[in-house]
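Engineer: Could you have a look at this structure, given as structure tokens, before my questions?
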Amino acid sequence: MKHYLVVANRTLLGDHLLDEVRRRMAEGPCDFHVVVPASHPQGTWTWTEAQDRSAARNRLALALIGLRMEGASVEGAIGDASPLDAIADQLRAQPVDEIILSTLPTGVSRWLRQDLPARVRARFGVPVTHVLAPGAEHSAFALAS
């Protein structure tokens, strides 16, 4: 059985990510663990960690419901605000065969401005699939954070 780590925030349950999960399920037995980094919202000057974690918890709950409705075996957790730290924490707890990283499009995504896909590949030595949302408006549950 293959084990996948899905790392996403505002793009959870976008069609691009659902298609990738469906493709993996069609390839054979697998399970997924979703990590949602509890990052603060863009464009705001004030926020609290509690607000960040609450928003991430809501996105995770919707994602788990949606993925289970697709037939996926999936669990999930809220992670550190830093996606790299959130991934590291999860990999210490449970190794995976591959990381599926979902981001907003170029120009909008903080993760892409930080070159997160390349940094994840370099740091963890695990195959990484980067799926790019066509736009926040196209994501089924692209909630503003």
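Engineer: Please compute the modelled spin-label separation between Met69 and Phe124, points set 7 Å along Cα→Cβ, answer in nm with one decimal.
Structural biologist: 2.7 nm
Engineer: Another question, if that's okay. Which label marks the calculated value of volume of the Cα convex hull per residue in Å³, given the options [x] 166; [y] 98; [z] 106?
Structural biologist: For volume of the Cα convex hull per residue in Å³, the calculated option is [y].
Engineer: Okay, next question. Please identify, among Glu49, Glu70, Glu27, the residue showing maximal mean-square fluctuation in a Gaussian network model of the chain using a 10 angstrom Cα cutoff.
Structural biologist: Comparing Glu49, Glu70, Glu27 in the GNM, the peak value goes to Glu27.
Engineer: In nm, to one decimal, how far is the modelled label at Asn58 from the one at Asp15, with both set 7 Å along Cα→Cβ?
Structural biologist: Result for the modelled spin labels: 2.5 nm.
Engineer: Would you mind checking the tilt of helix 15-27 against the longest principal axis of the Cα atoms of the chain, expressed as 0 to 90 degrees and rounded to 10?
Structural biologist: The angle comes out near 20 degrees.
Engineer: Highest GNM mean-square fluctuation, the chain, Cα pairs closer than 10 Å: which of Ala26, Ala81, Ala55?
Structural biologist: Highest fluctuation among the options: Ala26.
Engineer: To test your reading of the geometry: what angle, between 0 and 90 degrees and rounded to tens, separates the Cα axis of helix 83-93 from the longest principal axis of the chain?
Structural biologist: 40 degrees
Engineer: For Ala77 paired with Val108, estimate the spin-label separation in nm (one decimal), with each label point 7 Å from Cα along the Cα-to-Cβ line.
Structural biologist: The two pseudo-label positions are separated by 2.9 nm.
Engineer: Helix-only mean residue ellipticity at 222 nm, the chain, DSSP H runs n ≥ 4 weighted -39,500 (n - 2.57), per residue, nearest 500. What is it?
Structural biologist: -12500 deg cm²/dmol
No value in this document is a laboratory result; all are computed from the given coordinates. Just so it is clear, the structure is predicted and the values come from calculations on it, not from any experiment. Cβ atoms come from the backbone with ideal geometry, glycine included; neighbour counts cover every protein chain shown.
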